[in-house]
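The values are calculated or read from the model by the stated rules, or taken from the named source; none is laboratory data. Computed from a predicted model, the values in this text were never measured in an experiment. Quick reminder, even Gly has a Cβ in these numbers, built from the backbone with ideal geometry, and neighbours come from all protein chains shown. SASA here: full protein model, heavy atoms, side chains in, ligands and nucleic acids out. Shrake-Rupley method; radii C 1.70, N 1.55, O 1.52, S 1.80 Å.
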Amino acid sequence: MDSTKRYERLRERYLNGDLDRRVFLGLIGAAGLAYGVRTPFVREARAAAAEVRFDGWGGVVSEAFREYAFDPYTEKTGVKVVDGTFGGGDEYLSRVKASQPGEYNIAHLSGVFDYARYAGLGLASEINEDNIPNLKYVIPKLVDVFRPITGGKISCVPYDYGTTGLAYNRKHISEEEMKEKGAKILLDEKYKGKIAGWSDWRTRIWYASLQTGQDPNNATDMDAVWEAIRTHRDLSLKYWSSGAELMSLLAEEEIYVTEGWSGRIYALQEQGHDIGYFDPPNGFGWQECLFVIKGSPMPECEELLNFMLAPETSIAVAEGQNYPPALDPQKVDLGKKIPTLPAFDPTGTLSGLTFADPDYWNGHEAEWSKEFGRIQKGY
Amino acid sequence: MGVEAREARQPWILLSPALVAITFLLFVPLAFIVVYSFWLRTATGADVAGFHLDNWAEALTDRFYRDILLNTLKIAAITTAVCALAGYPAAYFIARSNRNKGFLLLLLMLPFWVSYIIRTMSWINILGVSGALNSFLLWTGIISEPLQMLYNEATVILGLVHFLMPFMILNVFVSVDGIDQNLESAANSLGATKLQTFVSVTLPLSLPGLAAGGLLCFVLAAGTYITPLVLGGPRDAMFANLVFEAIITQLNWPLGSALSLMLLAVLGALVLVYNHFLGMAQLMKGMG
């Protein structure tokens, strides 16, 4: 029943003498008050559809999004993109959990495990793939991996991929030494105080698995893993917690070696810093996606995703971020720079990268994140 | 309604906006946190409502939390002591400065115009391997290799002192400025030396300001998490970092709630002790 109908019935009851004048006017007044209170919020909610909130990793990654995707998109459509940042998927999930539906819209999530975790908490939307025709340019393997998690549908589009490999200062560590020692260089007593690491429990456990000769997606001796993490902690100057901090520590030569994100290390190299990058065998490969959170304005979000997946946009963003795009090199000419980026796979099969198994990592998330938190602080 | 009844109601009417704000912005969220602390986190990160004592049992019995809490209190105590020792002379100087008092107070307030995080991060450019201090020492030939000065407990305390010193100076300043200087002149005329006058007259009369500054510095230092995050090494976490991690990284809001209430209880007890012996009036004076 709409408001007009309600008013007509109320008026009829008043005219029939079922309501006295005071009650009738009181009800009209209450309705007016309710409308007055509601209207500004309704207007705000309607206006919100004219903007989409996007949250990403900040730094050069966000700058590339702003310059090559958001600004041109706003110019073309008039839909504003509100650009926020986070330090990691865990931190962002906490913010989303505390928010109202629709407050956060699109997130640049890392790994299939984040996708599974967000979906597990009921945050997955349902994308209408017909509204994103540019999805056809994406490497099929990157899309298909999401489907089983959300019942055949997808809540995101893959956007880029990269690795968390070993970054080292070439003035102090040679390429030969790095290749010889691999992940174990992070446990080398010789570099005590000049080692760092990401304060992310998954990355720490992944590298400790490599250091103890175990499969990073199926470590069986967790005691050895925790011990390797303790050794690394005692040799480390600092755990970094953002890409900007990682770049600063390496650029300022506070540290000589750490694991690092391929695109950020490439950015350092572009800036002229003598930093090497090495992906050890079974190094940490990941893909990133643009995840649409349940409750978001879907038509605007889908339009933005389609715009971002257009080859010219995607390539420009990838060149700015220094991460290879999710576009299939067999279908799209990716230009000159992208083939030179770390982790780039010209075949489009990504068979050379080891990705995190979402079931394995999410199954241990509660226990391992807590245990790492203690070890990180000296226990 | 009688005049007396109206007069009795008047303060409450005037106070009501503040009381409503405090109720909805402080007590209601606090009540939510108390309720949350009895919930449980599932393996997926979702919360299960109920009345469970598991989080409290863990927070109160686990040595890990106790040790970090004690370390936090230690860092806060050292920070407060350094602020008091370094801040008192500065506050005394400002209070006794006849012509430049306003200008000096303005200088004291200037750091507040810059973000706390930026101020904290500025130490990286000062103490870093390629920072200003190392560059200067290398340039003068005092050292041949850069010194590793960052990312330890000392730099955490330095960052906290940098952040909290103005609070200490302002409180001591208010106290010293309020001392009748005739008392000091009287002590001098009775044969006391300047040091004796300071120890017997000025210092005792300024102790309430020192205590108020100390309380503010201690409480703010014990509740910080940015400084250890930016300037600390792997082992320099403080209790607020545990709360941050439980809530943000581990998505364990129930345990994070219990931990934050634990910190609140410890710091609240300290405020109660202060209030019992010195009252809150001096604190308000310093903050105003």
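Numerical summary
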{"quantity": "Residue in segment B:62-85 that is loosely packed, with under 13 Cβ neighbours inside 10 Å and under 20 Å from residue A:370 (Cβ atoms) present", "calculated": "yes"}
{"quantity": "Number of the exception - residue B:197 against (1) surrounded by 20 or more Cβ atoms within 10 Å (Cβ to Cβ); (2) among the polar types (S, T, N, Q); (3) more than 14 Å from chain A (Cβ to nearest Cβ)", "calculated": "(1)"}
{"quantity": "Selection status of residue B:145, surrounded by fewer than 22 Cβ atoms within 10 Å (Cβ to Cβ), at pLDDT below 95 and within 14 Å of chain A (Cβ to nearest Cβ)", "calculated": "yes"}
{"quantity": "Matching residues, segment A:252-275, being touching a residue at least 24 places away in the same chain (Cβ under 8 Å) and open to solvent by 10 Å² or more (accessible area, probe 1.4 Å)", "calculated": "A:253, A:256, A:261, A:266, A:270, A:274"}
{"quantity": "Residue match in segment B:133-142 (condition: in a loop (DSSP other than H, G, I, E, B) and either out of contact with any His (no Cβ under 8 Å at 6 or more places or on another chain) or buried (at least 19 other Cβ atoms within 10 Å of the Cβ) (or both))", "calculated": "yes"}
{"quantity": "Residue within segment A:225-237 that is buried (at least 20 other Cβ atoms within 10 Å of the Cβ), in contact with a strand residue (DSSP E or B) (Cβ under 8 Å, 6 or more places away or on another chain) and under 29 Å from residue A:339 (Cβ atoms) present", "calculated": "no"}
{"quantity": "Count of segment A:356-368 residues which are more than 8 Å from every other protein chain (Cβ to nearest Cβ), open to solvent by less than 20 Å² (accessible area, probe 1.4 Å) and assigned to a helix (DSSP H, G or I)", "calculated": "2"}
{"quantity": "Matching residues in segment A:184-201 - criterion: being open to solvent by less than 40 Å² (accessible area, probe 1.4 Å) and over 25 Å from the mean Cα position of the chain (by Cα)", "calculated": "A:185, A:186, A:188, A:191, A:193, A:194, A:195"}
{"quantity": "Filtered residue count, segment A:120-151, keeping only those that are outside any strand (DSSP E or B) and either within 14 Å of chain B (Cβ to nearest Cβ) or open to solvent by less than 40 Å² (accessible area, probe 1.4 Å) (or both)", "calculated": "15"}
{"quantity": "Residue list for segment B:220-229, restricted to those being surrounded by fewer than 21 Cβ atoms within 10 Å (Cβ to Cβ) and either part of a helix (DSSP H, G or I) or among the small types (Gly, Ala, Ser) (or both)", "calculated": "B:220, B:223, B:226"}
{"quantity": "For residue A:371: the one exception among (1) open to solvent by 40 Å² or more (accessible area, probe 1.4 Å); (2) touching a residue at least 60 places away in the same chain (Cβ under 8 Å); (3) more than 14 Å from chain B (Cβ to nearest Cβ)", "calculated": "(3)"}
{"quantity": "Flag for residue B:179 being under 26 Å from residue A:241 (Cα atoms) and within 27 Å of the chain's Cα centre (by Cα)", "calculated": "no"}
{"quantity": "Wholly within segment A:200-318, strands (runs of 3 or more DSSP E) carrying at least 1 residues that are at pLDDT 95 or above, away from every other protein chain (no Cβ under 14 Å) and in contact with a Pro (Cβ under 6 Å, 6 or more places away or on another chain)", "calculated": "A:275-278, A:284-292"}
{"quantity": "Considering residues of segment B:241-277 that are of a type in the set (Gly, Ala, Ser) and either within 13 Å of another protein chain (Cβ to nearest Cβ) or open to solvent by 20 Å² or more (accessible area, probe 1.4 Å) (or both) only, the residue nearest to residue A:89 (Cα to Cα)", "calculated": "B:246"}
{"quantity": "Hits in segment B:35-61 - residues which are surrounded by 13 or more Cβ atoms within 10 Å (Cβ to Cβ), within 12 Å of chain A (Cβ to nearest Cβ) and among the small types (Gly, Ala, Ser)", "calculated": "B:45, B:46"}
{"quantity": "So residue B:117, is it within 14 Å of chain A (Cβ to nearest Cβ) and crowded, with 19+ Cβ neighbours inside 10 Å", "calculated": "no"}
{"quantity": "Candidates A:80, A:76, A:97 - the one that is basic (Lys, Arg), surrounded by fewer than 18 Cβ atoms within 10 Å (Cβ to Cβ) and at the interface with chain B (Cβ under 10 Å from one of its Cβ atoms)", "calculated": "A:97"}
{"quantity": "Subset tally (residues that are among the acidic types (Asp, Glu) and either surrounded by fewer than 14 Cβ atoms within 10 Å (Cβ to Cβ) or more than 24 Å from residue A:267 (Cβ to Cβ) (or both)) for segment A:322-350", "calculated": "2"}
{"quantity": "Hey, residue A:166 outside any loop (DSSP other than H, G, I, E, B), of a type outside the set (Ser, Thr, Tyr), within 12 Å of chain B (Cβ to nearest Cβ) and within 27 Å of the chain's Cα centre (by Cα) or not", "calculated": "no"}
{"quantity": "Residue tally, condition more than 12 Å from every other protein chain (Cβ to nearest Cβ) and surrounded by fewer than 17 Cβ atoms within 10 Å (Cβ to Cβ), over segment B:148-176", "calculated": "1"}
{"quantity": "Filtered residue count, segment B:93-125, keeping only those that are under 16 Å from residue B:165 (Cβ atoms) and without any contact (Cβ under 8 Å) to a residue 60 or more places away in the chain", "calculated": "12"}
{"quantity": "Answer from B:192, B:237 - the residue that is more than 14 Å from the chain's Cα centre (by Cα), in a loop (DSSP other than H, G, I, E, B) and within 12 Å of chain A (Cβ to nearest Cβ)", "calculated": "B:237"}
{"quantity": "Among (1) touching a Pro at 6+ places or on another chain (Cβ under 7 Å); (2) open to solvent by 20 Å² or more (accessible area, probe 1.4 Å), the one test that residue A:353 misses", "calculated": "(1)"}
{"quantity": "Output for segment B:215-229, where each listed residue is modelled with pLDDT of 95 or more and within 14 Å of chain A (Cβ to nearest Cβ)", "calculated": "B:227, B:228"}
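To keep it simple, each residue is scored yes or no on (1) over 22 Å from residue A:61 (Cβ atoms); (2) touching a helix residue (DSSP H, G or I) at 6+ places or on another chain (Cβ under 6 Å).
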{"site": "A:329", "(1), (2)": "no, no"}
{"site": "A:336", "(1), (2)": "no, no"}
{"site": "A:339", "(1), (2)": "no, no"}
{"site": "A:348", "(1), (2)": "yes, no"}
{"site": "A:360", "(1), (2)": "yes, no"}
{"site": "A:365", "(1), (2)": "yes, no"}
{"site": "A:372", "(1), (2)": "yes, yes"}
{"site": "A:376", "(1), (2)": "yes, no"}
